[in-house]
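Enquirer: Have a look at this one.
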Amino acid sequence: EAQVTQNPRYLITVTGKKLTVTCSQNMNHEYMSWYRQDPGLGLRQIYYSMNVEVTDKGDVPEGYKVSRKEKRNFPLILESPSPNQTSLYFCASSLGDSSLNTQYFGPGTRLTVL
Amino acid sequence: EDQVTQSPEALRLQEGESSSLNCSYTVSGLRGLFWYRQDPGKGPEFLFTLYSAGEEKEKERLKATLTKKESFLHITAPKPEDSATYLCAVQPRGFSGGYNKLIFGAGTRLAVHP
């Protein structure tokens with residue numbers, strides 16, 4: 001089954017404790033992206049990757065890091081989480097290149113930073 | 001600045017009561033407009049892509065239309081299982097955020113009661 005998976009689905013942590021949220025897709029997609037969703041604000045792009053070893057900042061990158069060492073995986077790293085990073089996070093992927101491609105989303109990771 | 005606004009924020013319908021959701025947008029060149037459905041605790045699920053003004057797409061009780069400034073999602077004779085949050089997103093021309101960047105509206109929460 002074609003899908004985007006994220007782990008963990010739920011995470012409660014404390015300020016400053018480094019964490020990683022994993023994202024994996026099995027569709028051989030080139031383009032992957034991370035979004036956060038907050039009430040009243042919609043989904044906002046954090047980071048994106050056009051292909052392996054090619055990543056760039058989205059609209060709200062502060063406090064986040066990403067890496068793309070393999071085509072299927074795109075982990076989101078919070079080196080020193082803070083309470084304002086409490087949010088619902090989604091990973092998405094699409095075929096990429098310059099054509100118009102539908103993005104497919106993972107099930108989400110609900111993060112709470114105390 | 002690229003922006004997407006959805007209205008209303010919330011909509012309550014009786015089963016069978018048809019209505020429309022609005023998505024107005026300002027973008028420096030539109031590559032495409034997307035509609036997604038999001039159920040509680042899940043990731044957005046793709047519904048439609050519209051590319052140019054005048055285009056229409058249909059799926060079961062849903063019909064999406066597009067003009068140069070807005071899109072409508074018409075729901076005909078809705079059922080309780082249509083209850084969800086409906087998200088509108090635009091994909092602007094240009095490279096910022098990668099070719100496949102999406103700019104989302106905050107969504108419309110639809111509740112259909114028997």
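Enquirer: How large is ³J(HN,Hα), in whole Hz, for each residue of the range B:47-59 in order, when computed from phi with the Karplus curve 6.51 cos²θ - 1.76 cosθ + 1.60 and θ = phi - 60°, using x for Gly and Pro?
Expert: 10, 9, 10, 10, 10, 8, 4, x, 6, 9, 9, 10, 8
Enquirer: Same structure again: Once the convex hull of the alpha carbons of the protein assembly as shown is built, what does its volume come to per residue, in cubic angstrom?
Expert: So the per-residue Cα hull volume is 119 Å³.
Enquirer: If you don't mind, there's one more thing I want to ask. HN-Hα J couplings of the range B:74-85 from phi, Karplus 6.51/-1.76/1.60, θ = phi - 60°, integer Hz, Gly and Pro as x?
Expert: 8, 10, 9, 6, x, 10, x, 6, 7, 4, 4, 9
Enquirer: Could I ask something else about it? With a 1.4 Å probe and all protein chains kept in place, how much accessible area does residue B:39 have, in Å² rounded to the nearest 10?
Expert: Number for this one is 40 Å².
Enquirer: Evaluate chain A: find the radius of gyration of its Cα atoms, find its Kirkwood radius, and give the ratio Rg to Rh.
Expert: On the Cα set of chain A, Rg over Rh gives 0.95.
Enquirer: Based on Cβ point charges of +1 for Lys and Arg and -1 for Asp and Glu, what charge dipole magnitude is obtained for the range B:9-53 about its Cα centre, in debye rounded to the nearest 20?
Expert: Approximately 220 debye in magnitude.
Enquirer: Treating the Cα atoms of the range B:3-54 as identical point scatterers in vacuum, please give the log10 of the normalised Debye intensity I(q)/I(0) at q = 0.16, 0.18 Å⁻¹, two decimals.
Expert: Calculated log10 I(q)/I(0) at the listed q: -0.65, -0.81.
Enquirer: Provide the buried accessible surface between chains B and A in square angstrom, both chains summed, 1.4 Å probe, rounded to the nearest 100.
Expert: 1900 Å²
Enquirer: If a/c stays under 1.5 just call it rounded; otherwise compare a/b with b/c (prolate if a/b is bigger, oblate if not). Do that for chain B, with a ≥ b ≥ c from the square roots of the Cα gyration tensor eigenvalues.
Expert: Note, shape of chain B comes out prolate.
The values are calculated or read from the model by the stated rules, or taken from the named source; none is laboratory data. If you're wondering where the values come from, they're calculated on a predicted model, not measured in any experiment. Counting neighbours? That spans all protein chains shown, and the Cβs are built from the backbone with ideal geometry, glycine included. These accessible areas exclude ligands, DNA and RNA; they are computed on the full protein's heavy atoms, side chains included. Shrake-Rupley method; radii C 1.70, N 1.55, O 1.52, S 1.80 Å.
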